[in-house]
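The structure's right below; bear with me while I get my questions together.
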Amino acid sequence: MEYFIKRNVIFVLCLALVLSAGSVGFVYRASAAALLEDGFDSGAGNWTATSGSWSVVQENGNAVYSQSGTSEGRTSAGSQSWTDYAVEADVKIVDFKGSTRTYVAGRYLNGNNFYAASLYNSSGGTLEIRKKVSGSTTTLASKTNFGLAAGVWYKVKLEMSGTSIKLYVNDQLELSATDSSLTAGAAGLVTFKSIAKFDNVSVTNSGSVPTTPTPSPTAAPTPTPTVQPTTAPSPSPTVTPAPTPTPSPTAGQTGEYQLTGFSVGNTGGGSIAETDSQYIKVYNATDLAVALKKGSGYKVVEIMNDLDLGWNEIPAAAKVSPFASHNSALTHPVLLNTGVSKITVDGFTDLTIFSANGATIKHAAFTFKRSSNVIIRNLEFDELWEWDEATKGDYDKNDWDYITIEESSKFWIDHCTFHKAYDGLVDVKKGSNGVTISWSSFLSDDRSAGSWVTQQINAMEANQSAYPMYAFLRSSAVGLSKDDIIAVAASQKKGHLVGSTELASDNAALEVTLHHNYYQDQQDRMPRLRAGNVHAYNIVMDSAGAWSARALITAAMESAISGNGYHFGITSNGAISTENGAVLVEKSVIIDVYYPLRNNQKDASNAVYTGKIAAIDTIYSMDGTTFRGNSDTVGSPLSPVPAAIQPFSWNGFTTLPYSYTADDPATLKARLIAANGAGSGKLSWAKVNWLQTS
């Protein structure tokens, strides 16, 4: 970039001139205003990349920071405590094909929370001020027909002062907006499907920012206000969630988030100080390998930023136990490059793994074995699905589950988000008991232009001969369009398998509580139980999208697909109990699930394979017709099928061994999908609150 003078050179020259004039007071103010100056001549040591392919490259003899991947790329620098400031960078989009966006970001907390000045390849070139809060993106202001072009350097500045946000291009004010969702955070550079280069990044103080620059090679932790041990969790002053009809928790409201269910008594790693030798902050795969190595002695593992943990993308130092290479990816264009890791956490007692900011973990499957008193909170799990040609759509090869719990007791998963996976989402096996999964979201693909499923389908659409099953679905023999296939493939095939081995003796010990979870377009297993006990209260099974997509496959199409040995369609099951298991669904909501309650999945004539299952005060809606009541009401659409109904009773006790308060299901869905509802990144809490159970 020969025609741009490096800002760090200008800065040094300015300092020299000022010093020669003897104006010491002026020098102090100048250094206070410049929080970060980076021309990348010395590399990218100030920056922490959490996704994408970032590197410093030479362009016409000049160092620039390049993101060469075609999926989302994210990198950040500076302090999470920065509030009012301007972040500016020279930006050149190298590849401007399709609906790509390139961001200069501010108040960047993580990949799910930031403001951005956006260069968008749409409508003749569009400028945007955007925000992403708790994973949801909103355009606050836009300007079309700006004439953006590839290969051209633009000076882009995002200025934030209080609730005022401004976007400048080449020193001209182009857009203004007002928003109060985010109050502080670092500087960031983000690409969405675009290949881009950045140079001359500067962050300058425009208000209440620390006068001492605090660049760090890793994302700085969010400050933790002092909280007395007896004080109920309260919102952190750092981030204000997007407005919602349901207020954020305050002291006196947080009882709904305390630990209950079969995992009561679980303390995890406890409320220990960050300075404790048993507390570790994880910034990368190598840190995580150290933290979760068997016998490490760590009690609290804080995930500081997003982690891409695929076997091909982690460094050699991380390719040690507990990391191992998982089954190889076969079809997804991203996973073919990144690979998939299997992380086996074995023999831990008293362990908490959490993120204060809702960090995302990608390309990895966790198996917890022979562990007890484990807590996982406020984490997002993503990018672990691919199209299955190998078993013709039966999804019976890769065995990628986000979390598998085996031979373990007292396990609490809370406020987590799970996206579409190849196999299951969270499975509980080998007699594991004392498990609670609460306030978590299990989401289908959103079918957007750059979604995980869309990336997969686009790759196969461009090379159909390499994917016989996909080619058959697109052929005249079936006649599905590309968009039809995306719609059907978007839903999640399997949820929770509780008990993996048929008629195993240790299945009787299985215990799981599911409460305040939102299941979006899950086709099956909410949960599927073999023996043992599952209590599901205040959960929402919302399969409206999957049920709508099911109509895209006609009876003739279905016959052609199955006739060629392929499996492609929508299963529509809800909660399932088998092999004398006991499942109680209480005060919940079930939307467009054809078989809401099932009691046998192998042989309806053989009582050995039949389980006990009942629903109490549950709202069931199917094709617009709504019922509220119990499964044993005469004519109830919640009555279990297909086997003879067995009277409900718990296995091993007559009443549940814990207390709980169930909400009215009439307002449940709105509560769970609210900005402070189920899922990760929803609560702006002081860090210490994630270590407490009540």
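The values are calculated or read from the model by the stated rules, or taken from the named source; none is laboratory data. No experiment lies behind these values; they were computed from the predicted model shown. All Cβ positions, even for glycine, are placed from backbone atoms using ideal geometry, and neighbour counts span all protein chains on display.
Counting only residues that are at pLDDT 95 or above and farther than 18 Å from Thr693 by Cβ, give me the strands (runs of 3 or more DSSP E) lying completely in region 244-341 with at least 2 of them.
Counting at least 2 such residues, we get 279-282, 323-325.
I've got another one for you. Would you call Lys92 at pLDDT 90 or above, basic (Lys, Arg) and either under 27 Å from the mean Cα position of the chain (by Cα) or under 23 Å from Ala34 (Cα atoms) (or both)?
No, not satisfied.
Sticking with this structure for a sec: Could you tell me whether Ser438 is touching a residue at least 12 places away in the same chain (Cβ under 8 Å), more than 21 Å from Val300 (Cβ to Cβ), of a type in the set (S, T, N, Q) and surrounded by 24 or more Cβ atoms within 10 Å (Cβ to Cβ)?
no
Taking Glu72 as meeting all but one of (1) modelled with pLDDT under 90; (2) over 26 Å from Leu309 (Cβ atoms); (3) among the acidic types (Asp, Glu), write down the number of the exception.
(2)
Of the residues that make up region 138-158, is at least one touching a Lys or Arg at 6+ places or on another chain (Cβ under 6 Å) and β-branched (Val, Ile, Thr)?
yes
Just give me the residues in region 455-513 being at positive phi and not assigned by TED's automatic domain parsing to the domain that holds Gln601, in sequence order.
Gly479, the sole residue that qualifies.
Okay, moving on. Exactly one of these conditions fails for Asp483: (1) farther than 20 Å from Arg550 by Cα; (2) surrounded by fewer than 21 Cβ atoms within 10 Å (Cβ to Cβ). Give me its number.
Just one mismatch for Asp483, condition (1).
Which ranges mark the strands (runs of 3 or more DSSP E) fully within region 610-694 that have 2 or more residues being in contact (Cβ under 8 Å) with a residue 24 or more places away in the chain and either among the hydroxyl-bearing types (Ser, Thr, Tyr) or surrounded by 13 or more Cβ atoms within 10 Å (Cβ to Cβ) (or both)?
In region 610-694, 612-616, 618-622 are the strands (runs of 3 or more DSSP E) which contain 2 or more residues that are in contact (Cβ under 8 Å) with a residue 24 or more places away in the chain and either among the hydroxyl-bearing types (Ser, Thr, Tyr) or surrounded by 13 or more Cβ atoms within 10 Å (Cβ to Cβ) (or both).
How about region 163-191: which of its residues are assigned to a strand (DSSP E or B) and surrounded by 24 or more Cβ atoms within 10 Å (Cβ to Cβ)?
Of everything in region 163-191, those that are assigned to a strand (DSSP E or B) and surrounded by 24 or more Cβ atoms within 10 Å (Cβ to Cβ) turn out to be Ile165, Leu167, Leu182, Ala186, Ala187, Gly188, Leu189, Val190, Thr191.
Do you know which residues across region 562-575 are closer than 13 Å to Ala489 by Cβ and hydrophobic (A, V, I, L, M, F, W, C)?
Within region 562-575, Phe568, Ile570 qualify.
Can you confirm whether Thr331 is surrounded by 24 or more Cβ atoms within 10 Å (Cβ to Cβ), more than 14 Å from the chain's Cα centre (by Cα) and of a type in the set (S, T, N, Q)?
Judged against the criteria, Thr331 is not a match.
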